[in-house]
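Report on the structure given below.
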Amino acid sequence: MEIYFDNGATTRVFPQVREKMDQVLEEEYGNPSSMHGKGLEAEHHLKHTREVIAKSLKVDPKEITFTSGGTESNNLAIIGTALANQRRGRHLITSTIEHASVYNPFFFLEEMGFEVTFVPVDETGIIRMDKLKEAIREDTTLVSVMAVNNEIGSVMPLEEIGKAIKERNPNTYFHTDCVQAYGKMRLFPRRWKVDLLSISGHKIHGPKGSGVLYIRNGVKIKPILYGGNQELGLRSGTENVPAIAGLGTAAELIYEDHEARITHLQEVKDYFLEKVLLLPDTKNHSGMAPHIASVSFLGVRSEVLLHALEDKGICVSAGSACSSNKPAVSGTLKGIGLSKEEYESTLRFTFSCYNTKEEVNIVVSEISSLLPMLRRFVRK
């Protein structure tokens, strides 16, 4: 038996994605920069995926830049805009609960002499709008706030954030990390005054190594990779055509019957929380995202319960997959004010269209059996 409740870390590719990638790898393997037929075949896949992503965001295909994933998209957005606009300002803003691929670029920029303001969140993981408005200055060139927190699933009010930024300083760019939001909700970057938006393919049943950065036309940005000037000079290097083609297929499928997909995710999550919170000494920290549940099992360290579940064939995570294999305290869980006991006992459960209520019953039953034994062991 295997039950996979770690879809926030990565997802199983759709069969159609694998088929598309096999086709490109075996038959349409040309370099999209080549001018012969094989190159044109490859270029067609880039064009198609660009159009699919642009349509899902209601933007121009020319505003879509392909990357290797969410990390590169976030780095390009943050470092690229900071460097390109430093003559008019070296002040940057982000929240205290961003993904590592956002806050580490800001730490890098701090080392280069930029000033970064980290805006706190409330106990539900929503950015403090009063503090954000106070932080925006004349020399603020970029604000970066994620759409959906990857650990607890809090959903940021992007439209309100975008409006506040532009009212305070129309020249300040707004970047949002939508890695956990794309495919889970409808996104409207133009309406929300978003200038840059990051997407990752492997979170929507596409391949790893595929991603997108939406860059609004007119945004001043420097590349962070230099070479053959692919992607209009913003991201040099031969494009990963099989992965990009797979990303396009995944994006088409994830927004097909989208409302039904989201309803399914929400029902599985709600059912899980209904059942698991009946267990003693549990505490819910889950936000409004339809696919992310965050629960503390007081009296048991998260990694102990995680590995006990793993022995039963159940995959979950202790926070972000990018940091959960390291002995580090979650900035998100501390940021929403959890006690040491609470954040050290928290697990994340993330769902996909493949998960079922029957799986929930099995997982909750296993947790119910494990908790008394593990709590006795810890208390000794």
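Quick grid of which residues meet (1) closer than 24 Å to His285 by Cα; (2) touching a Ser or Thr at 6+ places or on another chain (Cβ under 6 Å); (3) of a type in the set (D, E, K, R):
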residue: Glu115; (1), (2), (3): no, no, yes
residue: Glu123; (1), (2), (3): yes, no, yes
residue: Arg128; (1), (2), (3): yes, no, yes
residue: Asn150; (1), (2), (3): yes, yes, no
residue: Ile165; (1), (2), (3): no, yes, no
residue: Arg191; (1), (2), (3): no, no, yes
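Taken as a whole, the structure leaves Gly319 outside the set of residues that are open to solvent by 30 Å² or more (accessible area, probe 1.4 Å), part of a loop (DSSP other than H, G, I, E, B), touching an Asp or Glu at 6+ places or on another chain (Cβ under 8 Å) and at pLDDT below 95. Take the residues of the stretch 331-380 that are of a type in the set (S, T, N, Q) and assigned to a helix (DSSP H, G or I): which is farthest from Ala293 (Cα to Cα)? Per the criteria, the residue is Ser369.
The criterion of at least 3 residues that are open to solvent by 60 Å² or more (accessible area, probe 1.4 Å) is met by the following helices (runs of 4 or more DSSP H) wholly inside the stretch 1-117: 15-26, 37-57, 100-111. All of (1) open to solvent by 10 Å² or more (accessible area, probe 1.4 Å); (2) in contact (Cβ under 8 Å) with a residue 24 or more places away in the chain; (3) in contact with a helix residue (DSSP H, G or I) (Cβ under 9 Å, 6 or more places away or on another chain) hold for Gly237 with one exception: (2).
Are any of the residues in the stretch 305-316 out of contact with any strand residue (DSSP E or B) (no Cβ under 8 Å at 6 or more places or on another chain), within 30 Å of Lys20 (Cβ to Cβ), modelled with pLDDT of 95 or more and open to solvent by 50 Å² or more (accessible area, probe 1.4 Å)? No: the stretch 305-316 contains no residue that is out of contact with any strand residue (DSSP E or B) (no Cβ under 8 Å at 6 or more places or on another chain), within 30 Å of Lys20 (Cβ to Cβ), modelled with pLDDT of 95 or more and open to solvent by 50 Å² or more (accessible area, probe 1.4 Å). Among the residues of the stretch 118-153, those identified as in a helix (DSSP H, G or I) and not hydrophobic (A, V, I, L, M, F, W, C) are Asp130, Lys131, Lys133, Glu134. Given the condition crowded, with 20+ Cβ neighbours inside 10 Å and of a type outside the set (A, V, I, L, M), answer yes or no: does some residue in the stretch 126-138 qualify? Within the stretch 126-138, not a single residue is crowded, with 20+ Cβ neighbours inside 10 Å and of a type outside the set (A, V, I, L, M).
Take Ser286 and decide whether it is closer than 15 Å to Gly69 by Cα and touching a residue at least 24 places away in the same chain (Cβ under 8 Å).
no
Whenever a residue of the stretch 154-173 is more than 11 Å from Ile136 (Cα to Cα) and β-branched (Val, Ile, Thr), its partners that are open to solvent by less than 10 Å² (accessible area, probe 1.4 Å) and assigned to a helix (DSSP H, G or I), lying with C-beta atoms within less than 9 angstrom and at least six residues away or across chains, give the pairs Ile161/Leu132.
The values are calculated or read from the model by the stated rules, or taken from the named source; none is laboratory data. A quick note: this is a predicted structure, and the numbers were derived from the prediction, not measured. Cβ coordinates were reconstructed from backbone atoms using ideal geometry, including for glycine residues, and neighbour counts include every protein chain displayed. Accessible surface is based on the protein model in full, side chains and every heavy atom, while ligands, DNA and RNA are left aside. Shrake-Rupley method; radii C 1.70, N 1.55, O 1.52, S 1.80 Å.
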